[in-house]
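Reviewing the structure listed below.
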Amino acid sequence: MQLKEQFVDCTRIDVPIGQLNAQAREIRRKILKMITHARGGHIGASLSETDILTALFFHTLRLSPETMADPDRDRFVLSKGHASEGLYAVLAERGFFPKAWLDNYLKADCPLTIHPTNQVPGVEANTGALGHGFSIAVGMALGAKKARRPCRVFVLTGDGELQEGSNWEAAMSAAHFKLGNLTWIIDNNGLQLVSSIKDTMGIEPLEDKLRAFGFDTRHVDGNNAENVAALLDALDYDGGVPHAVIAKTVKGNGVSFMENVPEWHHRIPTEEECKKALQELVS
Ligand SMILES: Cc1ncc(C[n+]2csc(CCOP(=O)(O)OP(=O)(O)O)c2C)c(N)n1
Ligand SMILES: [Mg+2]
């Protein structure tokens, strides 16, 4: 289904694919500052998803602050809602709300709460209780398909999140309803809250499961925004087959002493650690 020409004109931003990784580095810097300043948040999870969100919000999504009320806009649902800081950082950078809000993250009168709500411009669904966002996205994609709207729906889940059975009901219905307009991206960092997924409750063989559930299943380096953007460009959104992208990521990506260390799921950097991390993220 073709988009209305006028709609493309008003929403498509043109950040060249070759600049997305540099953009992602900037987003990481913002995440670090937000969490250190607020003394709360989920740094490992937000650094894990940064490149995926950068690809989506700076390249893929046909969406802008001006077109949030257009029923034909693309939709994005952050099902791993605990990683709200990554979403807030890209939304602020894209102009959905003033960047100054990031300085007030977690303050009582600021809409930027630890789990995102639709009180925040650009946030489509309230998430944070894991296992719900995917079903919401399936509903959005089904509604769009029935209304013959050209919008596409993208949802990002964690990998530990897939231990929630509700995801598999959503997956089953996506194929049944032939939701080619739906793309399910899995932030496959191998860790969950306090330890590895493998040792907690394994989800492998993931690719076989996704294929068995009827998904066009792809792999990508999820910590390379340029690769993610190129992959999403190449999918067939009109073909009636839902898409699943296993995005291989590293929790805490970009900061050497946070990478793959489960403790950084919850830990808040000291000022000194933040400074050290920012030094690793210079362009
Ligand atoms: C229903 C539900 N159960 C438990 C939690 C607590 N919790 C927050 S993050 C998390 C781990 C999620 O791991 P994963 O989905 O792999 O995301 P990652 O942080 O690795 O990106 C858990 C169990 C929650 N938010 N919702
Ligand atoms: Mg994980």
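The values are calculated or read from the model by the stated rules, or taken from the named source; none is laboratory data. For clarity, every value in this text was computed on a predicted model and none was experimentally measured. As a convention, Cβ positions derive from the backbone with ideal geometry for all residues, glycine included, and neighbour counts pool all protein chains shown.
Residues in region 100-128 that are assigned to a helix (DSSP H, G or I) and in contact with a Lys or Arg (Cβ under 9 Å, 6 or more places away or on another chain) were compared, and the one that is farthest from Ser46 (Cα to Cα) is Asp103. Residue pairs whose Cβ atoms lie under 9 Å apart, separated by 6 or more positions or on different chains, with the first residue in region 186-206 and within 18 Å of Gly81 (Cα to Cα) and the second part of a loop (DSSP other than H, G, I, E, B) and among the basic types (Lys, Arg), are Asp187/Lys80; Asp187/Lys251; Asn189/Lys251; Gly190/Lys251; Leu191/Lys251.
Within region 130-149, being part of a loop (DSSP other than H, G, I, E, B) and either in contact with a Gly (Cβ under 6 Å, 6 or more places away or on another chain) or within 16 Å of ligand 2 (Cβ to nearest atom) (or both) holds for Leu130, Gly131. So, in region 33-50, how many residues would count as being assigned to a helix (DSSP H, G or I), within 15 Å of ligand 2 (Cβ to nearest atom) and either free of Cβ contacts under 8 Å to residues at least 24 places away in the same chain or not acidic (Asp, Glu) (or both)? Within region 33-50, residues that are assigned to a helix (DSSP H, G or I), within 15 Å of ligand 2 (Cβ to nearest atom) and either free of Cβ contacts under 8 Å to residues at least 24 places away in the same chain or not acidic (Asp, Glu) (or both) number 7. The set of residues from region 168-185 being of a type outside the set (A, V, I, L, M) and crowded, with 24+ Cβ neighbours inside 10 Å comprises Asn181, Thr183, Trp184. Selection over region 223-270 of residues that are on the phi < 0 side of the Ramachandran plot, out of contact with any strand residue (DSSP E or B) (no Cβ under 6 Å at 6 or more places or on another chain) and not polar (S, T, N, Q) gives a count of 24. Of all the criteria given as (1) at pLDDT 95 or above; (2) part of a helix (DSSP H, G or I), the one not satisfied by Phe7 is (1).
For region 179-209, a residue qualifies if it is of a type outside the set (Asp, Glu), within 23 Å of Leu56 (Cβ to Cβ) and more than 16 Å from ligand 1 (Cβ to nearest atom), and the qualifying residues are Leu179, Gly180, Asn181, Leu182, Thr183. Kindly establish whether Leu53 is among the aliphatic types (A, V, I, L, M), farther than 18 Å from Cys274 by Cβ, outside any loop (DSSP other than H, G, I, E, B) and within 16 Å of ligand 1 (Cβ to nearest atom). Criteria met by Leu53. Apart from one condition, Leu232 fits all of (1) under 21 Å from Gly214 (Cα atoms); (2) modelled with pLDDT under 95; the exception is (2). Contact map, region 272-283: first residue in contact (Cβ under 8 Å) with a residue 24 or more places away in the chain and more than 10 Å from Glu26 (Cα to Cα), second residue buried (at least 16 other Cβ atoms within 10 Å of the Cβ) and among the polar types (S, T, N, Q), Cβ cut-off under 6 Å, separation 6 or more or different chains; pairs are Cys274/Thr36.
Scanning region 128-150 turns up no residue that is more than 26 Å from Phe215 (Cα to Cα) and among the β-branched types (Val, Ile, Thr). When you check Ser79 against the structure, is it among the polar types (S, T, N, Q), touching a helix residue (DSSP H, G or I) at 6+ places or on another chain (Cβ under 7 Å), within 16 Å of ligand 2 (Cβ to nearest atom) and over 17 Å from Gly41 (Cβ atoms), yes or no? Against the criterion (among the polar types (S, T, N, Q), touching a helix residue (DSSP H, G or I) at 6+ places or on another chain (Cβ under 7 Å), within 16 Å of ligand 2 (Cβ to nearest atom) and over 17 Å from Gly41 (Cβ atoms)), Ser79 qualifies. Annotation: of all residues in region 117-167 being basic (Lys, Arg) and either within 11 Å of ligand 1 (Cβ to nearest atom) or without any contact (Cβ under 8 Å) to a residue 60 or more places away in the chain (or both), the one that is surrounded by the fewest Cβ atoms within 10 Å (Cβ to Cβ) is Lys146.
Annotation: Phe97 fulfils all but one of (1) part of a loop (DSSP other than H, G, I, E, B); (2) in contact (Cβ under 8 Å) with a residue 60 or more places away in the chain; the unmet one is (2).
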